[in-house]
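The values are calculated or read from the model by the stated rules, or taken from the named source; none is laboratory data. In this text the structure is predicted, and so the values were computed from the model without any measurement. Don't worry about glycine lacking a Cβ; one is built from the backbone with ideal geometry, like all the others, and counts go over all protein chains shown.
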Amino acid sequence: MTQAIRIVTVLAIAAAVAVSSCATPRSIETVSAAVFRPVVPAPLKVSLTMPTFTFDAPTPDYLTRPAPRIDLHDRATLADDNLLALLSGDITQCRMALDAAGVEYEEVPPKQTRGGCGYEGAIRVSRSDVAYSKELLMTCALAARMQLWEELVVQPAAERYLGSRIVKVKALGAFSCRNVAGSRKLSKHAFGQATDIAGFQSADGRDIMVLADFRDASPEGRFLREVFRSSCEVFDTSLGPDYNADHANHFHFDIGGGGRFCR
Ligand SMILES: [Zn+2]
């Protein structure tokens, strides 16, 4: 009896399972829908920004490098051979330096004369910080050197020995197509690279002349001797009354030579 009950129970459960399985086709669809539900793609997050490429050629540094400002009132300029070479070799830089220093001048076109004289990069200077007794035709480089000389040599000596500043430079000239005296060699004057200075006028009205005062024990004489001695540090060649009789009445200063000669 017990065995019969067990068999009946098993059959009943099997039948129930069979009926349940056949009667629920929708549940299969539900499972399939769950498994194969359409995949909704996530929004694309692709950046369309193009990378930046730079094809610019590097700018040469001589185009971006600030031009040196050549200060004709600064002793450091006198000690810098590169700046002095720039004044001689770059007329634009030289004129800028003169402009900044307040030098008044006119540009002069290049010139070559028979006999080998001539110049380029020349100007006609009418005054600097001080008046000139006459216009001086010379290279810009020499005008710049004169400006350094006035500021660093002449005015300090004037204040020390004269108690007054110089207001006028008395010049004999600059450009002149001629030989060195007593020789067949062209003078630096023949290239606008030399100037001759006969004396000065002070703010308190004194005329101080090489011919009259250079050997004098007076303040004027001491001023002139100090000016000449210190000029040797500014110009390439400095010649004065002690050099020869030709220079009894003036100082000769020039640039453009190799080395220094001072007598
Ligand atoms: Zn001379």
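Remarks
- Filter result (surrounded by fewer than 19 Cβ atoms within 10 Å (Cβ to Cβ) and of a type in the set (Ser, Thr, Tyr)) within the range 206-245: 218, 230, 243
- Residue 256 meets the conditions (1) more than 15 Å from the ligand (Cβ to nearest atom); (2) within 34 Å of the chain's Cα centre (by Cα); (3) not in a strand (DSSP E or B) in every case but one. The failed one is (1).
- Some residue of the range 176-191 being within 12 Å of the ligand (Cβ to nearest atom) and touching a His at 6+ places or on another chain (Cβ under 7 Å): yes
- Of note, residue 230 satisfies the criterion of being at negative phi, modelled with pLDDT of 95 or more and either among the basic types (Lys, Arg) or more than 13 Å from the ligand (Cβ to nearest atom) (or both).
- Test: residue in the range 147-161 that is within 29 Å of residue 92 (Cα to Cα), within 16 Å of the ligand (Cβ to nearest atom) and of a type outside the set (D, E, K, R): yes
- Criterion violated by residue 128 - all others in (1) more than 16 Å from the ligand (Cβ to nearest atom); (2) modelled with pLDDT of 95 or more satisfied: (2)
- Restricted to the range 91-174, the set of helices (runs of 4 or more DSSP H) holding at least 1 residues that are in contact with a Pro (Cβ under 6 Å, 6 or more places away or on another chain) comprises 155-161.
- Residue list for the range 92-130, restricted to those being surrounded by fewer than 18 Cβ atoms within 10 Å (Cβ to Cβ) and of a type in the set (Gly, Ala, Ser): 100, 102, 115, 116, 118, 126
- Applying the condition of being β-branched (Val, Ile, Thr) and within 15 Å of the ligand (Cβ to nearest atom) to the range 192-227 and asking which residue is farthest from residue 134 (Cα to Cα) yields 210.
- Only one entry in 235, 228 is touching a helix residue (DSSP H, G or I) at 6+ places or on another chain (Cβ under 8 Å) and either of a type outside the set (Phe, Trp, Tyr) or outside any strand (DSSP E or B) (or both), namely 235.
- Of residues in the range 48-77 being at pLDDT 90 or above and assigned to a helix (DSSP H, G or I), the one nearest to residue 256 (Cα to Cα): 77
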